Each structure stands twice: as C-alpha cells, then as structure tokens.
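Have a look at the structure below before the remarks.
The values are calculated or read from the model by the stated rules, or taken from the named source; none is laboratory data. What you see is a predicted model, and the numbers here were worked out from it, not measured in a lab. Ideal geometry is used to build each Cβ from the backbone, glycine not excepted, and the neighbour counts take in all protein chains shown. Just so you know, the surface numbers come from the protein's heavy atoms only, side chains and all, with ligands and any DNA or RNA stripped out. Shrake-Rupley method; radii C 1.70, N 1.55, O 1.52, S 1.80 Å.
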Amino acid sequence: MRAFAALALAMGLAACGFQPLYGSSESGRALSSIAVETIQGKSGHVLKAQLERLMSAGRTADAPPAYTLSVVLQERLEPIGLRIDASATRSDLTLVANYILRDANGLEAAKGKIETTVGYDVPASAFGEVAAQNDARERAGETMAEMMRAELATRIAPTRQ
C-alpha cells in the first residue's frame, strides 16, 4: 500500500509540472550562468564569495555568463544591550542588498531587495569585538546568499508551457 501511495505521489508531481530549482534542472543551469560583480566592503566580499560558491555547480569554464548580478550592499550595526557605562553588550548587524540581474544584452531580468539581521555578543576586549563582528558578517553573508539564490532561482526559472 505504501509503495502504491509513493508511486501515485510521484506520478502526480510529474503531471503537475513539478521541477526542482537546484541540481541538474534548467533553473540550476541558469543559476550557474550568473556572473557576480564585485560587491564593496567586507560584507560584500563575504556575500560575493558565498554567492559564487552556491551558484557554481555545473558551471563550465569556457561558457560566457548568461546573466550578470550587480549588488549594492548596506551594512548597519545597532547596539541593543547596554552596560552601565553605555557600552554595548549585544549588537545586531543588518545587511540590506539591492540587486539587479541583467541578461547578456544588458537588459534587466530581475531586481529586488533582500534584508537579513544577525545578532552577536560584544565582548569587553576590542579585538574580541572585531572578531565577533567578522563572525556576524560571515553568518549574515551566508544567510543572504541562500536567500538571494532562492529568489533568483524562482525569478529566472523557465516556465513550462
């Protein structure tokens, strides 16, 4: 009975046009054909590296990119926990990315805005604070890259007729 239910589910998904966004699908190939332009700042460097890592599956070295992704990134640090001397004990790091995806002809294929916030503890030492901020940038960049990949995959996914 379970085998029959699994078979019926698989046939139903195939009939409705279900198509995975990642892997060897057309969307996965489209994602791998996106070239990411340089993004300014420390957080921009992290975001660009994460995007290239996530979208490089299936990329061939000799194929020209079908899309170019431009990202303008803003970073905001906000203390949310304060000591008696008004120094922060906890902070939020917020990244806001405005992106434009252009096709090979330079025409706009998609644009949008993605925002993510991560919190971190602020240690008493200055070096510890720098290390905590860098760790928060890494986590925010990873989260934002995942969100951006998912959004781009749905926007450039080929539609079935």
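Tabulated results
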item	result
Members of segment 103-150 that are in a helix (DSSP H, G or I) and in contact with a strand residue (DSSP E or B) (Cβ under 6 Å, 6 or more places away or on another chain)	Ala132, Ala136, Arg139, Ala140, Thr143, Met144, Met147, Met148
All helices (runs of 4 or more DSSP H) inside segment 1-102 with 3 or more residues being open to solvent by 30 Å² or more (accessible area, probe 1.4 Å), within 18 Å of Thr143 (Cα to Cα) and at pLDDT 65 or above	41-55
Residues of segment 61-88 satisfying the condition of being hydrophobic (A, V, I, L, M, F, W, C) and in contact (Cβ under 8 Å) with a residue 12 or more places away in the chain	Ala63, Ala66, Leu69, Val71, Val72, Leu73, Leu77, Ile80, Ala88
Residue pairs meeting the criteria (Cβ under 6 Å; at least 6 apart or on separate chains; first charged (D, E, K, R), in segment 110-130; second surrounded by 13 or more Cβ atoms within 10 Å (Cβ to Cβ) and in a strand (DSSP E or B))	Lys111/Ile100; Lys113/Asn98; Glu115/Val96; Asp121/Arg90
